[in-house]
Amino acid sequence: MDRRKFIKNSVAFGLGVNTGLGSYKKLFGMVKDDKPVYDLVAVKGGEPDVMFDKGIASLGGMKNFVNKNKTVVIKPNIGWDTSPERAANTNPILVKRIIEHCYEAGAKTVYVFDHTCDEWGRCYRNSGIEHYVNAAGGTMVPGNSESYYQKVAVPNGKVIQEAKAHELILESDVFINVPVLKSHGGATLTMSMKNLMGVVWDRRYWHRNGLHQCIADFATFRKPDLNVLDAYAVMKRNGPRGVSVQDVISMKSLLISTDIVAADAAGAKLFGLEPDEIDHIKYAHELKAGSMDLSGLSIKRIKI
Amino acid sequence: MPLKKIRIFISLLFLFVTSLLFIDFRDSYVSNTSDYILFLQFVPSLIGFLKAITLSSAGFIIILLVTLLWGRVYCSSVCPLGTLQDMIIKISNRKRKRYSFSYHKPHSIFRYSFLAITVLMLFSGSIGAVVLLDPFSNFGKIFTGLFRPVIMHVNNTASVLLEQFNNYSIAPLQIIYNSAPVFIYSMILVSIIFVLSYKHGRLFCNSICPVGTLLGLLARFSIFKLSVDEESCSGCGVCAKVCKADCIDTGEKNIDFERCVMCFNCLEVCPTESILFNKINITASTADIDNKKRNFLAQMSFLLVSLPLISHAQDKIEVYVKNKFKVFRSSPISPPGSRSIGNFNDKCIACHLCVSACPTGVLQPAFLEYGLKGIFQPRMDNSKGFCNYDCTVCSHVCPTDAIEKIFIGEKKIVQIGKARFIKDNCVVETQKTNCGACAEHCPTKAVRMVEYKDNLKIPELTDEICIGCGACEFACPTIPYKAIYVDGNPVHLSAKLPVQEDLEDINPQEDFPF
């Protein structure tokens with residue numbers, strides 16, 4: 001045993017005694033932590049928080065994504081001044097549960113924001129998300145002011161070469177994308193990639209210049225560390241705003257993936273469409289932002 | 001009893017709570033409290049009463065009774081524009097180290113003409129003179145157009161500072177400036193009021209303001225009046241120097257009570273206690289409103305640097321084809337609850353409280369969109385925002401019921417206008433690309449995307465469920481002209497509620513489709 005190895009083991013032993021064997025192993029990278037072995041987790045049949053608990057557990061828990069003292073930004077869909085049962089916005093209980101998991105994993109701060117379509121104050125309030133975020137100890141951040149958005153380059157974009165993105169997306173250590181699955185007049189469906197439109201300032205530019213390509217382009221910018229696609233209640237038509245609660249069906253499903261394109265491909269299937277029927281999924285696959293080929297992925301399916 | 005102190009306290013209280021109404025940026029209290037706070041404002045109450053006799057719009061009757069008892073207490077204590085002038089007068093007097101008013105004859109031709117014009121126009125069905133002369137609505141215009149943006153700037157500066165420390169507790173506010181003509185009018189107005197009050201005290205109230213003149217006529221018959229005790233008065237003239245209404249003639253030992261704004265300044269300076277009011281002798285010291293003065297100076301200096309940004313830098317767009325067809329509206333759009341443009345133009349005094357309270361900024365003061373008869377009255381400006389489907393704030397704050405109180409259920413079927421589509425401006429047509437922003441924002445799906453050619457979808461409109469909220473127009477990304485816009489309904493119509501079939505839920509025990 002050489003000297004270096006001796007010291008290493010001695011220190012490790014001391015630490016191991018103090019902190020338990022798991023920490024000892026982790027400390028020196030001797031054993032890779034239980035890395036997520038699934039590309040996609042699909043959960044069905046439970047309440048939003050229960051489904052998330054089960055789903056994230058099968059990916060090794062939130063600690064695989066959020067380390068101690070890290071800042072987290074969560075981007076739900078809070079686009080509309082509608083009540084939670086209209087399912088135009090992400091389920092507030094799901095958002096709350098994700099925040100709780102982040103704090104359990106040791107997160108320092110968890111921020112939540114969206115660049116809303118309706119007046120932001122009313123969206124935050126009436127979606128229920130503001131209330132649940134505050135209850136979980138998260139911080140609601142306004143998304144309505146251009147001063148929060150900074151110019152960034154999108155080098156891999158075809159149409160979009162630059163955009164103004166919310167500073168929290170640029171500064172936070174962990175980015176969790178929490179869209180809701182909905183029908184969408186312009187984008188056919190809105191899911192993980194379309195949800196990222198709410199982290200940029202000038203959305204009209206996207207609408208003017210080919211919505212699908214712009215959505216795909218921006219998916220190459222900053223890959224969310226985790227995509228949690230809420231399909232608990234799903235707006236089947238008249239999206240993204242919906243007309244009434246009659247547009248909504250109960251699907252009680254949840255998808256979790258680190259691959260933004262895979263999450264959306266599976267979401268399309270849940271909705272009853274093929275991934276290649278949605279242009280931005282195809283384009284994003286071509287730009288290698290992720291994979292729409294579900295057959296090539298390892299999928300964990302959980303029924304509750 | 002220190003009547004002057006009481007007057008100062010009440011007037012500052014009214015000014016404060018009235019001002020608060022105009023800076024409720026997130027509708028925390030304005031729609032629940034404005035009815036009470038503005039109950040005693042003379043013109044809003046009178047206009048409301050003329051159109052529909054209700055108890056809630058009887059505030060002006062109380063003011064009339066109070067005037068019959070004690071003179072123009074409204075002018076000294078309730079009118080926010082009056083108190084604003086008092087603050088300017090205070091500054092002016094501090095600057096000169098002493099009060100230096102003196103007796104002047106009334107400008108009777110002016111004041112009675114302004115009153116006569118206002119009354120005659122009102123009886124002939126035009127509210128135009130009220131819009132230009134009413135002190136409350138002028139206060140509202142000044143506050144909304146000039147002070148409010150300053151306060152928003154202060155808020156936004158604080159927000160930026162906190163943001164440096166990752167504190168997001170103060171949200172930045174979107175500042176929408178008045179259009180240039182409205183802004184210029186407010187500036188002229190505030191200049192006139194500043195100069196008049198700085199140099200001549202309450203001259204505005206006694207020469208221009210029709211409410212002041214009307215209440216003055218009534219004050220001639222007041223039961224309790226301020227008067228000079230000719231026997232004990234030494235004729236020293238101190239009272240005339242502190243009289244901001246210039247209405248104490250020490251030579252004649254007479255107070256022109258018609259012009260007296262009940263400030264009670266004279267009561268406390270008279271060395272021989274010769275000024276009588278209800279036989280109460282007064283001893284009081286000058287109230288210290290130094291802080292108010294500083295705040296005001298700060299506001300004014302901000303005002304100078306907060307001139308509106310005329311234009312926003314246009315984004316450079318390379319791939320986009322500019323469209324060609326200008327939008328022509330056959331009618332402007334009045335807010336839901338106003339019933340018709342005619343009704344609205346008749347009742348609105350242009351106090352701009354709704355402009356301040358509107359959470360989306362869609363309500364903006366018109367210039368000539370309604371024509372001269374509706375100058376400065378708010379209209380729906382879809383370039384600034386759109387009418388939120390679930391919001392009725394403006395109808396709840398309107399002090400004259402020009403916008404009648406409506407509730408959500410009714411609001412959702414009031415059709416204030418109809419969307420119109422200009423296909424040749426639409427990106428689906430000009431650029432052959434999918435967009436759908438209009439349909440995306442439409443709350444009723446009166447705008448839907450339907451199959452077009454080459455795998456494209458284009459908007460299709462259903463008039464009968466369109467409410468004219470303007471979400472489609474606001475969201476439409478085309479430049480320089482919109483491809484979809486709302487044409488106003490001169491008389492508001494009733495839209496149908498969108499009818500939908502039920503959908504079937506998905507069985508959660510089904511297998512995953514992948």
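Kindly rank A:102-110, B:243-251, A:192-200, B:338-346 from highest to lowest mean number of other beta carbons found within 10 Å of each residue.
Ranked from most to least packed, the peptides come out as A:192-200, B:243-251, B:338-346, A:102-110.
With the dipole of the protein assembly as shown worked out from charges on the C-beta (+1 for Lys and Arg, -1 for Asp and Glu) around the Cα centre, which of B:Val160, A:Leu189, A:Ile256 lies farthest toward the positive end?
Final value for the positive-end residue is B:Val160.
To the nearest 0.05, how large is the calculated FRET efficiency for B:Ser108 and B:Ser340 if R₀ is 41 Å and r is the Cβ-Cβ distance?
In this case the efficiency is close to 0.55.
Could you please state how large a percent of the accessible area of segment B:429-514 is carbon and sulfur, counting protein chains only and using a 1.4 Å probe?
Answer for segment B:429-514: carbon and sulfur cover 50 percent of the accessible area.
Spelling out what I want: for every residue of segment B:470-478, take phi, set θ = phi - 60°, compute 6.51 cos²θ - 1.76 cosθ + 1.60 (Karplus), and round to whole Hz; glycine and proline get x.
Taking θ as phi minus 60°, the curve returns x, 4, 4, 5, 4, 6, 4, x, 6 Hz for segment B:470-478.
Taking the DSSP beta bridges in segment A:175-304 as the whole, what percent of them are antiparallel, to the nearest 5?
75 percent
Specify which residue in the list A:Ile215, B:Ala58, B:Cys469 is farthest towards the positive end of the charge dipole of the protein assembly as shown, using unit charges on the beta carbon of Lys, Arg (+1) and Asp, Glu (-1), about the Cα centre.
B:Ala58
Given a 1.4 Å probe and no ligands, DNA or RNA in the count, how much accessible surface is buried by A and B, both sides, to the nearest 100 Å²?
For A against B, buried area totals roughly 5100 Å².
Send over a whole-number figure in Å² for the accessible area per residue of segment A:170-304, probe 1.4 Å.
27 Å²
From the residues B:Ala366, A:Cys117, B:Tyr185, which one has its Cα farthest along the dipole of the protein assembly as shown in the positive direction, the dipole being from +1 and -1 charges on Cβ of Lys/Arg and Asp/Glu about the Cα centre?
My answer, from the dipole projection, is B:Tyr185.
What share of Cα pairs, in percent, lie more than 32 angstrom apart in chain A?
25 percent
Extent of segment B:61-185 along each principal axis, from alpha carbon coordinates, in Å, largest to smallest?
Reported extents, whole Å, longest axis first: 60, 46, 31.
Could you sort A:Arg208, A:Arg237 by their accessible area in this structure, using a 1.4 Å probe and putting the largest first?
Largest accessible area first, the residues go A:Arg237, A:Arg208.
Taking a ≥ b ≥ c as the square roots of the Cα gyration tensor eigenvalues, with a/c under 1.5 meaning rounded and otherwise prolate when a/b beats b/c, else oblate, which class fits segment A:211-258?
Oblate.
Roughly how many debye, to the nearest 20, is the charge dipole of the protein assembly as shown about its Cα centre, given +1 on each Lys and Arg Cβ, -1 on each Asp and Glu Cβ, and no other charges?
Computed charge dipole of the protein assembly as shown: roughly 2000 debye.
Which of rounded, prolate or oblate describes segment A:103-245 when judged by the alpha-carbon gyration tensor and an a/c cut-off of 1.5?
oblate
What ranking do A:135-141, B:30-36, A:281-287 get when scored by the average of other Cβ atoms within 10 Å per residue, highest first?
Put in order of decreasing packing, that is A:281-287, A:135-141, B:30-36.
Whose amide H sits under 5 Å from the amide H of B:Tyr389, counting only residues 5 or more places off or on another chain, with H placed in the peptide plane?
Amide H to amide H, under 5 Å and 5 or more residues apart or across chains, B:Tyr389 pairs with nothing.
If you take the square roots of the eigenvalues of the alpha-carbon gyration tensor of segment B:191-253 and sort them as a ≥ b ≥ c, do you get rounded (a/c under 1.5), prolate (a/b over b/c) or oblate?
Cα axes put segment B:191-253 in the oblate bin.
Most fluctuating residue of A:Gly143, A:Gly60, A:Gly267 in a GNM of chain A with Cα springs under 10 Å: which is it?
With Cα springs under 10 Å in chain A, the top fluctuation among A:Gly143, A:Gly60, A:Gly267 is at A:Gly60.
Any of A:Lys75/B:Lys412; A:Lys223/A:Lys303; A:Lys75/A:Lys252; A:Lys96/A:Lys282; A:Lys68/A:Lys288 with alpha carbons more than 23 Å apart? Name them for me.
Result: A:Lys75/B:Lys412; A:Lys223/A:Lys303; A:Lys96/A:Lys282; A:Lys68/A:Lys288 exceed 23 Å.
Report the accessible area of B:Leu215, computed with a 1.4 Å probe over the heavy atoms of all protein chains in place, in Å² rounded to the nearest 10.
Number for this one is 0 Å².
In whole percent, what relative contact order does segment A:145-304 give with Cα contacts below 8 Å and a gap of six or more residues?
22 percent
If the only charges are +1 at each Lys and Arg Cβ and -1 at each Asp and Glu Cβ, what is the size of the charge dipole of segment B:360-451 around the Cα centre, to the nearest 20 debye?
Using only the charged Cβ atoms, the result is roughly 120 debye.
Please identify every one of the chymotrypsin sites (Phe, Trp or Tyr not before Pro) in segment B:87-153 that sits in a loop by DSSP and has no more than 15 other beta carbons within 10 Å of its own beta carbon.
Sites meeting the loop and neighbour criteria: none at all.
Can you list the residues in segment A:254-282 whose accessible area drops by at least 30 Å² when all protein chains are present, compared with the chain alone? Use a 1.4 Å probe, heavy atoms only.
Residues passing the criterion (a loss of at least 30 Å², heavy atoms only) are A:Lys269, A:Leu270.
Run through segment B:174-265 and list the chymotrypsin sites (Phe, Trp or Tyr not before Pro) located in a DSSP loop whose Cβ has at most 15 other Cβ atoms within 10 Å.
The qualifying sites are B:Phe221, B:Phe224.
How high is the relative contact order of chain A, in percent, counting Cα pairs under 8 Å that sit 6 or more residues apart?
The normalised contact order for chain A reaches 22 percent.
Over the whole of A:142-148, what's the average partner chain Cβ count within 10 Å per residue? Rounded to a whole number, please.
The per-residue average across the peptide is 5.
Skipping prolines and chain starts, which residues have an amide H placed within reach, meaning under 5 Å, of the one on B:Ser340, given they are 5 or more residues away or on another chain?
Those lying under 5 Å, H to H, from B:Ser340 are B:His492.
Taking only protein heavy atoms into account and a 1.4 Å probe, give the accessible area per residue of segment B:28-175 in Å².
For segment B:28-175, the solvent-accessible area averages 45 Å² per residue.
Order of B:486-493, A:214-221 by packing, highest average Cβ count within 10 Å first?
Per-residue mean Cβ counts within 10 Å order the peptides as A:214-221, B:486-493.
Quick check: with the 1.4 Å probe, what order do A:Arg241, B:Arg94 take by accessible area, largest first?
From most accessible down to least: B:Arg94, A:Arg241.
Give me Rg over Rh for the protein assembly as shown, both radii from the alpha carbons and Rh done the Kirkwood way, two decimal places.
For the protein assembly as shown, the value is 1.08.
Per-residue HN-Hα couplings for segment B:227-232, Karplus 6.51 cos²θ - 1.76 cosθ + 1.60 at θ = phi - 60°, whole Hz, x for Gly and Pro?
Each residue of segment B:227-232 in turn: 8, 9, 7, 4, 6, 8 Hz.
Kirkwood hydrodynamic radius for segment B:358-510: how many Å is it when counted over pairs of different Cα atoms?
After inverting the pairwise mean of 1/r, the radius is 16.9 Å.
Normalised by the residues of chain B, what does the relative contact order come to in percent, with Cα pairs under 8 Å and at least six apart?
Reported relative contact order: 17 percent.
What does the structure give for B:499-506 when I average, per residue, the other chain Cβ atoms found within 10 Å of the residue Cβ?
6
Considering only protein heavy atoms and a probe of 1.4 Å, how much of the accessible area of chain A is carbon and sulfur, as a whole percent?
After summing per-atom areas, the C and S share lands at 50 percent.
Using +1 on the beta carbon of Lys and Arg, -1 on that of Asp and Glu, and nothing else charged, what's the dipole of chain B about the Cα centre, debye to 20?
That gives chain B a dipole magnitude of about 2200 debye.
Return the average number of partner chain Cβ atoms within 10 angstrom of each residue Cβ along peptide B:423-435.
Rounded to a whole number, the mean comes out at 3.
Which order do B:Leu173, B:Leu20 take by accessible area at a 1.4 Å probe, largest first?
Largest accessible area first, the residues go B:Leu20, B:Leu173.
How far apart, in nm, are two points set 7 Å out from the Cα along the Cα-to-Cβ line at A:Asp173 and at A:Val152?
It works out to 1.8 nm between the two label points.
Kindly provide the helix-only [θ] at 222 nm of chain B, computed as the sum of -39,500 (n - 2.57) over DSSP H runs of four or more divided by all residues, to the nearest 500 deg cm²/dmol?
-12000 deg cm²/dmol
How far is it, in nm, from the label point at B:Asp424 to the one at B:Ser330 when both lie 7 Å from their Cα along the line to the Cβ?
1.9 nm
The values are calculated or read from the model by the stated rules, or taken from the named source; none is laboratory data. Note that the coordinates shown come from a computational prediction; the quantities given were computed from them, not determined experimentally. Using ideal geometry, Cβ is built from the backbone for each residue, glycine included, and neighbour counts are taken over all protein chains shown. Calculation scope for accessible area: heavy atoms of the full protein, side chains included, ligands and nucleic acids excluded. Shrake-Rupley method; radii C 1.70, N 1.55, O 1.52, S 1.80 Å.
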